[in-house]
Amino acid sequence: MKRSIKAQRERQARKDPKKPEAYFEWDQASLLAALQEIIDDKDHGAARVKERLYARYMLVIETGEVFLRRDAVREYLADASFRATHITDAFLSLDYEHDADGRGYYPVFSLRLVKT
């Protein structure tokens, strides 16, 4: 991320970056593993709550990943499920985009959770 920010700033200053922007090309396995890791981390945090203050614990994961597109995410998540003990609902929100009519929105996907 630091490398990409630095390269973008250099381009804005009309300089040619020494190192270009870096990015990660997501495949299904890497996306599902990253989401499970985030869920595990947040689920562990929810376990620290001594009393059950709420009937539901929701997690919203926001991302602005450049190469994580709505159609690919829909396909990757089609048959996926994730483990959680305390979190009851989880969602993945992608970066802002426009539809064919020019209206903007944030694509949001509900993640299927399996109680452990």
**Q.** Any hit, region 32-50, residues being touching a strand residue (DSSP E or B) at 6+ places or on another chain (Cβ under 6 Å), among the acidic types (D, E), within 18 Å of R112 (Cβ to Cβ) and surrounded by 13 or more Cβ atoms within 10 Å (Cβ to Cβ)
**A.** yes
Q | Among the residues listed as D79, D41, the single one being under 21 Å from P107 (Cβ atoms) and either at pLDDT 85 or above or touching a Phe, Trp or Tyr at 6+ places or on another chain (Cβ under 6 Å) (or both) | A | D79
Q.
Regarding region 52-61, can at least one residue be identified that is small (G, A, S), at pLDDT below 95, loosely packed, with under 10 Cβ neighbours inside 10 Å and within 25 Å of F24 (Cβ to Cβ)?
A. no
Q: Within region 51-89, track down each residue that is of a type in the set (S, T, Y) and under 13 Å from L113 (Cα atoms).
A: Y57, S81, T85, T88
Q | Count - residues of region 71-93 that are surrounded by fewer than 17 Cβ atoms within 10 Å (Cβ to Cβ) and in contact (Cβ under 8 Å) with a residue 24 or more places away in the chain | A | 11
Q | L68 vs. criteria in contact (Cβ under 8 Å) with a residue 60 or more places away in the chain and not charged (D, E, K, R) | A | no
Q) With respect to Y96, is the statement that it is touching a Ser or Thr at 6+ places or on another chain (Cβ under 8 Å) and of a type outside the set (V, I, T) true? A) no
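The values are calculated or read from the model by the stated rules, or taken from the named source; none is laboratory data. Since we're looking at a predicted model, the values are computed, not measured. FYI the Cβ positions are ideal-geometry reconstructions off the backbone, even for glycines, and counts take in every protein chain you see.
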